[in-house]
Amino acid sequence: MTHTLHRLGTPESLHDDYVVLAMSGKGVNETGSHVPLRRFMEIALELNPVNAGESRTGNILTRSIDEVMAGIEDISTIHAVYTDPASVATLLRRVSEEQLGISVVVSGLFDRVCSTAGEAGVRQHTVEYSLGVWGQVDRLPNTDVLQIVTMCGHNMVTAESIERAVRDIRQGRATPLDAARALAGKCVCGIFNPVRAARLLKNMADGSAPAARPM
Amino acid sequence: MYIRTEICNNCASCIPTCPVGAIYVDRARKHVTIDQELCVECGACYRAGVCKTKALTQPQLTWPRSVRAALSDPVTVNADTRIAGRGTEEMKTNDVTGRFLRGYVGIALELGRPCLGASFADVQVMSRVCAQHGAEFCANNPVTKLLTDTTTGDVNSEVLNERVLSAIVEVTVPLERVPELLTAVIEAASTLKTVCSIDAVSLVEPDGSIPLRAVLAKLGLHPAPNGKNNMGLGRPAFDFFGGDAL
């Protein structure tokens, strides 16, 4: 699943959006990997992520931390979302120092991730590039909506729910952060960034949403 | 998913939870209902917890409809690959699996993403293109397991009419064949009834260079400024540079 790829946005829009993922390789270092995975999550949570979760149990915005921790098994894919590269650097450094031995993937702006990795004493091993969306793109929602939709790679945050959230903000029924956190609850994996979403929702409600890069 | 109309109060709260717009008000029946053809069995409406009367009902799915949930429901673990979601580890564990070797590029074609969903007829358009251009299908991928012939890219005819939120055709090709394949894939994308998110995976050379970048630039393809970075922390580390990978 390429669920942390294809997050649409300009570099300015993506400056506070970093997803860190950890998992073991099935049939390689899988057996017993729930132990380092749980340790990874402990470290990740100490660094105050804006979201975190396990792919089947749910995220910390809808489940207790104890529930998320208990849901981590050998087959788990776990995630934490940060708004600053410094926290990512600290996480990478500590995971490296403790030699947890699980695979770690950072999704974010390539130039920032590269420099962050350098600060942590690690380097890029394999990269995955998004080459855009092709085909019937005329049927897609506008880019303002897509910037938020694509923060849940499984598409659990729908375009219609985003449009409703914007209306709720405009009519004073919700703050941007409350609306963003409600949307984040739909993203089971916990990779949706509610802080970035709140900013994007506010811009949409104010009518000041900047244009995203074209697909 | 279906709605038990005898207990549904027609509040319509479930409508905005559907990623593919399958829930609608049936004016003739005067009831909220689910278009069974469009529903991809992702479970988003059910998990949203918006139904106060518990009218949303998830039946036990049988083949071939079960393939919808297998690829669309993020909490479903694929039986073959033991990965939740769309069921592939792709580059996330490349540091220990050696899935994408030096000199090779992984190409992933994600049909239906974002927002529109896809049928396996759409998937077959792309799997056939990949086969025609000699790409090797990744073994540990749920879509590959639905192909009846990897030399033609033919999808099991039993699932051709099934719809999913998205499905990933995942292949590897030698670096020098990337232009041929991507050109063909992009041309084929214009014939799809849905969208296709395309991505490319490459190992980073020991000196930090990524030969794929120059190939993409020559094609006029400009990767997004953001993407995924496997940080090489998995152990035991796969030996990419020992000679066998070349």
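The values are calculated or read from the model by the stated rules, or taken from the named source; none is laboratory data. If you're wondering where the values come from, they're calculated on a predicted model, not measured in any experiment. Using ideal geometry, Cβ is built from the backbone for each residue, glycine included, and neighbour counts are taken over all protein chains shown. These area figures cover heavy atoms from the full protein model, side chains too; ligands, DNA and RNA do not enter into them. Shrake-Rupley method; radii C 1.70, N 1.55, O 1.52, S 1.80 Å.
The relative contact order of the stretch A:94-184, computed from alpha carbon pairs under 8 Å that lie at least 6 residues apart in sequence, is 14 percent.
Modelled spin labels at A:Asp74 and B:Glu136, positioned 7 Å past Cα toward Cβ, are 2.7 nm from each other.
If you average the sequence gap of Cα pairs under 8 Å that are 6 or more apart and divide by the length of the stretch B:136-246, what percent do you get for the contact order?
Numbers: 44 pairs, mean separation 19.9, N = 111.
Relative contact order here is 18 percent.
Annotation: per residue accessible area for the stretch B:171-222 equals 43 Å², rounded to a whole number [probe 1.4 Å, protein chains only]. For the stretch A:128-175 and the stretch B:169-246, what is the separation of their Cα centres, given in Å? Going from one Cα centre to the other spans 26 Å.
Close amide H contacts of B:His31 (hydrogens built in the peptide plane, cut-off under 5 Å, sequence separation of 5 or more or a different chain): B:Asp26. The value for the protein assembly as shown of Rg(Cα) / (2.2 N^0.38 Å) is 0.93. Among the GluC sites (Glu not before Pro) in the stretch A:1-93, those located in a DSSP loop and surrounded by at most 11 other Cβ atoms within 10 Å of their own Cβ are A:Glu12. Rounded if a/c is under 1.5, else prolate if a/b beats b/c, else oblate: with a ≥ b ≥ c from the C-alpha gyration tensor eigenvalues square-rooted, which is chain B? It is prolate, given that a/c is not under 1.5 and a/b is the larger ratio.
Out of every Cα-Cα pair that the stretch B:153-246 contains, those further apart than 17 angstrom amount to 66 percent.
Phi-derived couplings, Karplus 6.51 cos²θ - 1.76 cosθ + 1.60 at θ = phi - 60°, listed residue by residue for the stretch A:116-126: 5, 4, x, 4, 8, x, 10, 9, 4, 9, 9 Hz, with x used for Gly and Pro.
Fully extending the segment from B:Thr148 to B:Leu160, taken as 0.36 nm per residue of separation minus the present Cα-Cα distance, adds 3.1 nm. The alpha carbons of the stretch B:1-137 give a radius of gyration and a Dmax of 18.5, 60 Å, in that order. Per residue, the convex hull spanned by the Cα atoms of the stretch B:85-162 amounts to 99 cubic angstrom.
The modelled label-to-label distance between A:Gln171 and B:Phe241, using points 7 Å beyond Cα along the C-beta direction, is 6.0 nm. Over all pairs of different C-alpha atoms in the stretch A:42-104, the reciprocal of the mean inverse distance, the Kirkwood hydrodynamic radius, equals 12.2 Å.
Rounded to the nearest 20 debye, the dipole size of the stretch A:1-61 about its Cα centre is 300 debye, using +1 on the Cβ of Lys and Arg and -1 on the Cβ of Asp and Glu. Past the 25 Å Cα-Cα mark, which pairs from A:Lys186/B:Lys193; A:Lys26/B:Lys145; A:Lys186/B:Lys54? Cα-Cα > 25 Å for A:Lys186/B:Lys193; rest within. For the stretch A:23-56, heavy-atom accessible area (probe 1.4 Å) falls by no less than 50 Å² from the chain alone to the full protein assembly at A:Met23, A:Lys26, A:Val28, A:Arg56. About its Cα centre, what dipole magnitude does chain A give when the only charges are +1 on Lys and Arg Cβ and -1 on Asp and Glu Cβ, stated in debye to the nearest 20? With only Lys, Arg, Asp and Glu charged at Cβ, the dipole is about 400 debye.
Compute, for the stretch B:5-107, the length of the dipole vector about the Cα centre, with Cβ point charges of +1 (Lys, Arg) and -1 (Asp, Glu) only. Units Debye, rounded to 20.
Working: 13 positive and 10 negative charges, 35 e Å.
Computed charge dipole of the stretch B:5-107: roughly 160 debye.
Over all pairs of different C-alpha atoms, the stretch A:78-166 has a mean inverse distance whose reciprocal, the Kirkwood radius, equals 15.6 Å. Compactness of chain A is given as radius of gyration and Dmax, 17.1, 53 Å, from Cα positions.
Within chain A, the cysteines lacking any other cysteine Cβ closer than 4.7 Å to their own Cβ are A:Cys114, A:Cys189. Using a probe of 1.4 angstrom, how much of the accessible area of chain B is carbon and sulfur, in percent? Solvent-exposed carbon and sulfur of chain B make up 51 percent of the total. Once both labels are positioned 7 Å from their Cα atoms along Cα-to-Cβ, the gap between A:Asp66 and B:Thr57 label points is 3.6 nm.
Structural descriptor for the stretch B:88-168: relative contact order 38 percent, calculated from alpha carbon pairs under 8 angstrom and at least 6 residues apart.
Tell me which of B:Pro142, B:Cys18, B:Val40 sits at the most positive position along the dipole axis of the protein assembly as shown, charges placed on C-beta atoms (Lys, Arg +1; Asp, Glu -1). Final value for the positive-end residue is B:Cys18. Remark: the stretch B:66-78, residue by residue, has Karplus-estimated 3J(HN,Hα) of 4, 5, 4, 5, 4, 9, 9, 8, x, 9, 8, 8, 5 Hz, where x stands for each Gly or Pro and the curve is 6.51 cos²θ - 1.76 cosθ + 1.60 at θ = phi - 60°. Three principal axis extents describe the C-alpha atoms of the stretch B:146-201; from largest down they are 35, 24, 19 Å. For chain A, the residue among A:Thr31, A:Asn59, A:Ala70 whose Cα projects farthest onto the positive side of the dipole built from Cβ charges is A:Asn59.
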